[in-house]
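The values are calculated or read from the model by the stated rules, or taken from the named source; none is laboratory data. Keep in mind that what you see is a predicted model, and the values were worked out from it rather than measured. For neighbour counting, all protein chains shown are included, and Cβ atoms are generated from backbone atoms with ideal geometry for every residue, glycine included. We work out accessible area using only protein heavy atoms, side chains counted, and drop any ligands, DNA or RNA first. Shrake-Rupley method; radii C 1.70, N 1.55, O 1.52, S 1.80 Å.
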Amino acid sequence: METTMSVNERCVEYSYIFEQIAKHGPKNVMDMGTGKTALPALIKACGIDVLAVDKDADQIKDNPCVRGGYCSFEILQKDLLEIQMDNTFDMETCISVLEHNKDHLPVVNGMAKMLKPGGVLIMTFPFNEEEYIPNAYQLPLAGYGRDAGPNNICQMYSKKEVELWCEEANLTLEDQQYWKAFTGKYWTYGQRMWPMKQVSKTEDHQLTCMTLKKN
């Protein structure tokens, strides 16, 4: 089903996060790249300690929890590569953030170091099982993002990048979902689908939700 509504992939991503929270039962969570989302507040409402991180002061200021004056969690203003807290968290969430970081391996390594042994990293991002795309916004038929500027990239990761992260950061891929978010082959190609469709890795897909466990 196609739609011109201003919908996005958060419904799928948030559903996946809370499935993993229910499965793993973390006592504390760090949310990386919180931006304007209320995700940490939703996790906090479950009785879980939450620390949020974002490098953009304007994003933090415009977070609805901060703006509304009822923020129940701390937001650190730091770049993801600047944070150093070894063996601290049971779970980390990085939702539609990693694709905008050129240095994705150092970011994943840094997040893995902050996980306790056996802790899990929940990530979502544009994905193609077999093909890495350096910037989906600059593909010939990109539906949006072409005017985003050279510093605003949107990578589509592949199986090879995930394998590299696991090898370098001592992680194991524990769970992965594949989602078709657009009618075309790549991220932003064609029309955005609503509802999105969960598919197998052999079917066309543009988004993944995954859980990586620290060994």
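Listed values, structure above:
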| quantity | calculated |
| --- | --- |
| Selection from segment 96-138 of residues that are free of Cβ contacts under 8 Å to residues at least 40 places away in the same chain and small (Gly, Ala, Ser) | Gly110 |
| Filtered residues of segment 1-14 (kept if surrounded by 12 or more Cβ atoms within 10 Å (Cβ to Cβ) and out of contact with any helix residue (DSSP H, G or I) (no Cβ under 8 Å at 6 or more places or on another chain)) | Val7, Asn8, Glu9, Arg10, Cys11, Val12, Glu13 |
| Search result, residues across segment 32-55 that are surrounded by 12 or more Cβ atoms within 10 Å (Cβ to Cβ) and in a loop (DSSP other than H, G, I, E, B) | Gly33, Thr34, Gly35, Lys36, Thr37, Ala38, Cys46, Ile48, Lys55 |
| Unmet criterion (only one of (1) touching a Cys at 6+ places or on another chain (Cβ under 6 Å); (2) in a loop (DSSP other than H, G, I, E, B)) for Asn87 | (1) |
| Count of segment 56-105 residues which are hydroxyl-bearing (Ser, Thr, Tyr) and either surrounded by 12 or more Cβ atoms within 10 Å (Cβ to Cβ) or on the phi > 0 side of the Ramachandran plot (or both) | 3 |
| Selected residue (criterion: most open to solvent (accessible area, probe 1.4 Å)) from residues of segment 168-190 that are within 13 Å of Leu207 (Cβ to Cβ) and among the polar types (S, T, N, Q) | Gln176 |
| Residues (buried (at least 17 other Cβ atoms within 10 Å of the Cβ) and within 30 Å of Leu115 (Cα to Cα)) located in segment 191-211 | His205, Gln206, Leu207, Thr208, Cys209, Met210, Thr211 |
| Some residue of segment 22-44 being in contact with a helix residue (DSSP H, G or I) (Cβ under 6 Å, 6 or more places away or on another chain), aliphatic (A, V, I, L, M) and over 21 Å from Asp175 (Cα atoms) | yes |
| Failed criterion for Val29 (all others in (1) of a type outside the set (Lys, Arg); (2) open to solvent by 80 Å² or more (accessible area, probe 1.4 Å); (3) closer than 18 Å to Phe89 by Cβ hold) | (2) |
| Residue in segment 105-125 that is in contact with an Asp or Glu (Cβ under 9 Å, 6 or more places away or on another chain), over 18 Å from Asn170 (Cβ atoms) and at pLDDT 90 or above present | yes |
| Count - residues of segment 148-167 that are closer than 15 Å to Met111 by Cβ, crowded, with 16+ Cβ neighbours inside 10 Å and aliphatic (A, V, I, L, M) | 1 |
| Cross-chain or 6+ apart pairs with Cβ under 7 Å, segment 78-95 first and under 13 Å from Asn109 (Cβ atoms), then acidic (Asp, Glu) | Leu81/Asp103 |
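Every residue, every condition in (1) under 19 Å from the mean Cα position of the chain (by Cα); (2) farther than 15 Å from Ile95 by Cβ; (3) of a type in the set (D, E, K, R), yes or no:
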residue: Ile43; (1), (2), (3): yes, no, no
residue: Asp49; (1), (2), (3): no, yes, yes
residue: Asp54; (1), (2), (3): yes, no, yes
residue: Gln59; (1), (2), (3): yes, no, no
residue: Asp62; (1), (2), (3): no, yes, yes
